[in-house]
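To keep things clear, I will list the structure first and then write my remarks on it.
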Amino acid sequence: MLTILGFSMIMVFMYLIMSKKLFPLTALILIPILFAIFGGFSADLGTIMMDGVKNIAPTGIMLVFGILFFSIMIDAGLFDPLVNLILKLVKGDPVKIALGTALLTVLVSLDGDGATTYMIVVAAMLPLYKKMGMNPLVLACIIMLSGGVMNILPWGGPTARAMTTLSMSATELFVPMIPVVAGGIVWVFICAAWLGMKEKKRIAKPDFINPYLDNQETEAVQRQLKKPGLIWFNLILTLTLLSSMMLDILPLAVSFMIAFCIGLIINYPKIEEQQKVLQLHAGNALSVASMIFAAGIFTGILSGTGMMDAMAKSMIAIVPDTWGSLFPMLTAVTSAPLTFFLSNDAYYFGVLPLISETGLHLGATKLEIGVASLIGQGVHLLSPLVPSTYLLVGLAGVEFSDHLKFTLKWALGSSVAMLITAIIIGLITF
């Protein structure tokens with residue numbers, strides 16, 4: 001019953017947001033509540049929902065102040081030299097801009113934190129996309145594809161969880177996977193080149209009008225907010241923030257709150273200026289924050305009612321014992337939908353132990369199971385259950401449903417590319 005309820009809830013949710021019959025914010029809150037009531041959980045619903053909100057709260061706070069901080073840095077002109085340099089190097093070529101987006105995301109993703117990667121790359125590249133008239137959906141797509149592959153780094157979330165569950169070291173699990181990650185990165189650059197070529201053709205049409213160069217009032221306000229004399233201070237402040245994050249000196253939410261306050265006061269010492277800056281970006285921060293806390297309701301109900309566990313166990317139970325030789329392949333194929341519909345914690349701590357026990361019984365190795373379980377990460381970051389997804393679409397200024405429809409086929413391609421690479425080098429056999 002819980003399995004049917006869980007899958008039905010997710011399918012209804014996906015249909016409503018992709019068909020744009022409901023706004024994602026309202027769908028994230030109302031759909032799980034209705035299904036929980038239908039499933040007989042009305043008595044515990046308040047507690048379950050608040051548990052979900054509490055779990056997501058630190059992430060929500062971090063994203064709100066992260067958006068405000070990087071918005072100030074953009075307004076002050078911190079990224080202008082980088083944008084101008086990239087524009088000079090690419091010489092107005094959308095293909096090179098798309099490839100540069102992929103390269104920058106891959107490099108920034110080395111820190112292992114998706115939210116920070118999104119903020120830095122969007123801050124650096126979005127002004128360039130607008131100047132060229134390129135579709136922000138292309139930017140969001142390339143960033144997500146790059147981040148999905150780089151998320152497999154051992155200091156990233158999923159691989160660390162898989163190593164813990166399987167009792168394997170990074171040398172045992174990740175090192176053999178390096179060619180698999182490389183295969184995924186190659187696919188990302190192929191996608192970037194293809195999307196860049198499509199944008200180049202669209203922009204080259206005689207009737208093309210850049211929609212981002214019409215708002216002269218906005219451009220005038222942005223010019224007033226530039227602080228070229230403080231670029232070195234802002235750079236040092238940003239690098240200090242990133243160093244604090246990597247060294248884990250303070251919780252990331254606290255680091256962003258402190259950096260935001262310092263950046264706001266130094267760049268805009270007058271109260272009137274501070275109010276103007278906050279009014280400019282409050283809408284974006286509120287939009288992302290509301291989506292994050294709504295997602296907390298969704299995941300809280302999915303987990304607190306037991307639907308998530310039931311869905312995971314039912315997926316494992318349908319595999320016949322006679323399919324032993326195909327088990328690693330089946331694990332790889334199912335890892336994409338499972339990590340899309342489940343959180344990484346639920347999959348790697350709840351489902352993977354069951355998969356591992358079954359697989360070892362059928363003759364698979366821990367390395368095969370571990371590699372197969374990570375193949376689906378190419379799709380995971382596109383999930384509506386991943387908080388940073390809402391940060392990406394909020395920063396890029398695109399609708400979540402549009403991003404999902406635009407990116408899904410390319411994200412599935414990432415997992416397919418990694419799976420093919422794993423098969424070629426013998427990490428997954430069938």
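The values are calculated or read from the model by the stated rules, or taken from the named source; none is laboratory data. Nothing here was measured: the structure is a model prediction, and the numbers come from that model. Note that each Cβ is placed from the backbone with ideal geometry, even for glycine, and that neighbours are counted across all protein chains shown. Ligands, DNA and RNA are excluded from the accessible area calculation, which covers all protein heavy atoms including side chains. Shrake-Rupley method; radii C 1.70, N 1.55, O 1.52, S 1.80 Å.
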Q) Are any residues in the stretch 81-94 assigned to a helix (DSSP H, G or I) and open to solvent by less than 40 Å² (accessible area, probe 1.4 Å), and if so, which ones? A) Val83, Ile86, Val90, Pro94
Q) Looking at the stretch 147-167, which of its residues are touching a residue at least 60 places away in the same chain (Cβ under 8 Å) and among the hydrophobic types (A, V, I, L, M, F, W, C)? A) Val149, Ile152, Ala162, Met163, Leu166
Q.
Consider the stretch 52-70. How many of its residues are farther than 20 Å from Tyr129 by Cβ and either among the aliphatic types (A, V, I, L, M) or surrounded by fewer than 18 Cβ atoms within 10 Å (Cβ to Cβ) (or both)?
A. 11
(Q) Kindly evaluate Phe260 against the criterion of being surrounded by fewer than 18 Cβ atoms within 10 Å (Cβ to Cβ) and closer than 26 Å to Pro81 by Cβ. (A) no
Q: Provide a single number: the residues in the stretch 1-28 that are over 23 Å from Thr339 (Cβ atoms) and part of a helix (DSSP H, G or I).
A: 2
Q.
Please go through the stretch 261-301 and give me each residue that is touching a Ser or Thr at 6+ places or on another chain (Cβ under 8 Å) and among the polar types (S, T, N, Q), ordered by number.
A. Asn284, Thr299
Q) What are the pairs, 6+ residues apart or on separate chains, where a residue within the stretch 30-55 that is farther than 11 Å from Leu302 by Cβ has its Cβ under 7 Å from a residue that is acidic (Asp, Glu)? A) none
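Quick one: which helices (runs of 4 or more DSSP H) lie wholly within the stretch 336-430 and hold at least 1 residues that are open to solvent by 40 Å² or more (accessible area, probe 1.4 Å)?
352-361, 366-374, 400-424
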(Q) Tell me whether the stretch 71-80 contains one or more residues that are open to solvent by 30 Å² or more (accessible area, probe 1.4 Å), farther than 21 Å from Leu382 by Cβ, aliphatic (A, V, I, L, M) and part of a helix (DSSP H, G or I). (A) yes
Q. So which residues in the stretch 162-188 are closer than 18 Å to Leu419 by Cβ and not small (Gly, Ala, Ser), if there are any at all?
A. Leu173, Phe174, Pro176, Met177, Ile178, Pro179, Val180, Val181, Ile185, Val186, Trp187, Val188
**Q.** Cross-chain or 6+ apart pairs with Cβ under 8 Å, the stretch 2-27 first and without any contact (Cβ under 8 Å) to a residue 12 or more places away in the chain, then in a helix (DSSP H, G or I) and exposed (fewer than 15 other Cβ atoms within 10 Å of the Cβ)
**A.** Lys21/Tyr15
Q | Checking Met246 against (1) exposed (fewer than 15 other Cβ atoms within 10 Å of the Cβ); (2) part of a helix (DSSP H, G or I); (3) out of contact with any helix residue (DSSP H, G or I) (no Cβ under 7 Å at 6 or more places or on another chain); (4) among the aliphatic types (A, V, I, L, M), the condition it does not meet | A | (3)
